[in-house]
1. Inside segment 16-37, can you point out the residues that are under 14 Å from Val5 (Cβ atoms), touching a Gly at 6+ places or on another chain (Cβ under 7 Å) and either aliphatic (A, V, I, L, M) or open to solvent by less than 20 Å² (accessible area, probe 1.4 Å) (or both)?
2. Any residue at all in segment 62-69 that's part of a strand (DSSP E or B), open to solvent by less than 30 Å² (accessible area, probe 1.4 Å) and in contact (Cβ under 8 Å) with a residue 12 or more places away in the chain?
3. Going through segment 79-98 one residue at a time, which ones are open to solvent by 10 Å² or more (accessible area, probe 1.4 Å), at negative phi and over 8 Å from the mean Cα position of the chain (by Cα)?
4. Are there any pairs, at least 6 apart or on different chains, whose C-beta atoms fall under 7 Å, with the first in segment 85-110 and closer than 17 Å to Leu4 by Cα and modelled with pLDDT of 95 or more and the second among the aliphatic types (A, V, I, L, M) and open to solvent by 70 Å² or more (accessible area, probe 1.4 Å), and if so, which?
Amino acid sequence: QVQLVESGGGLVQAGGSLRLSCAASGRTFLTYVMGWFRQRPGKEREFVAAITWNGGSTLYADSVKGRFTISRENAKNTVNLQMNSLKPEDTAVYYCAADRSGNLYAETYDWWGQGTQVTVSS
């Protein structure tokens, strides 16, 4: 079992930055692909970014490519999402997720956090 707890959300003006963090429990964290997803108001949850167990490979949604950076600190069981040049359309609840298959392109994830709200004002 893995528990995920997100932090770092908040209110920011357009063009600003936020850094989200996700703390994971469980010693097998090291082997998991970690991902960030978001759910914008009135929309379905969507993929944002993912990272392999060693950080060697990353994947981003086109909408955030070049603005967001996913990283992980395995010694701290943490995965981060640095969000720069934020836009009002980035407003969403952001979720951290873990996938035990090790597949960077996995379409389903095994464990999810509760989410953290990010609001970008114009």
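1. First pass over segment 16-37, keeping only residues under 14 Å from Val5 (Cβ atoms): 20-26, 29, 34, 36.
Now restrict to residues that are touching a Gly at 6+ places or on another chain (Cβ under 7 Å): 20-22.
Within segment 16-37, Leu20, Cys22 meet the criteria.
2. Residues of segment 62-69 part of a strand (DSSP E or B): 68-69.
Now restrict to residues that are open to solvent by less than 30 Å² (accessible area, probe 1.4 Å): 68.
Okay, now just the ones that are also in contact (Cβ under 8 Å) with a residue 12 or more places away in the chain, so 68.
Yes, segment 62-69 contains a residue that is part of a strand (DSSP E or B), open to solvent by less than 30 Å² (accessible area, probe 1.4 Å) and in contact (Cβ under 8 Å) with a residue 12 or more places away in the chain.
3. Restricting attention to segment 79-98, the residues satisfying the condition of being open to solvent by 10 Å² or more (accessible area, probe 1.4 Å) are 82, 84-85, 87-89, 91, 93, 95.
Subsequent filtering for residues that are at negative phi retains 82, 84, 87-89, 91, 93, 95.
Of everything in segment 79-98, those that are open to solvent by 10 Å² or more (accessible area, probe 1.4 Å), at negative phi and over 8 Å from the mean Cα position of the chain (by Cα) turn out to be Gln82, Asn84, Lys87, Pro88, Glu89, Thr91, Val93.
4. From residues that are closer than 17 Å to Leu4 by Cα and modelled with pLDDT of 95 or more, there are no pairs.
The values are calculated or read from the model by the stated rules, or taken from the named source; none is laboratory data. Since the structure is predicted, the reported quantities are computational estimates derived from the model, not experimental observations. Virtual Cβ from ideal backbone geometry, glycine too; neighbours counted across all protein chains shown. Protein only, heavy atoms only, side chains kept; ligands, DNA and RNA dropped before computing areas. Shrake-Rupley method; radii C 1.70, N 1.55, O 1.52, S 1.80 Å.
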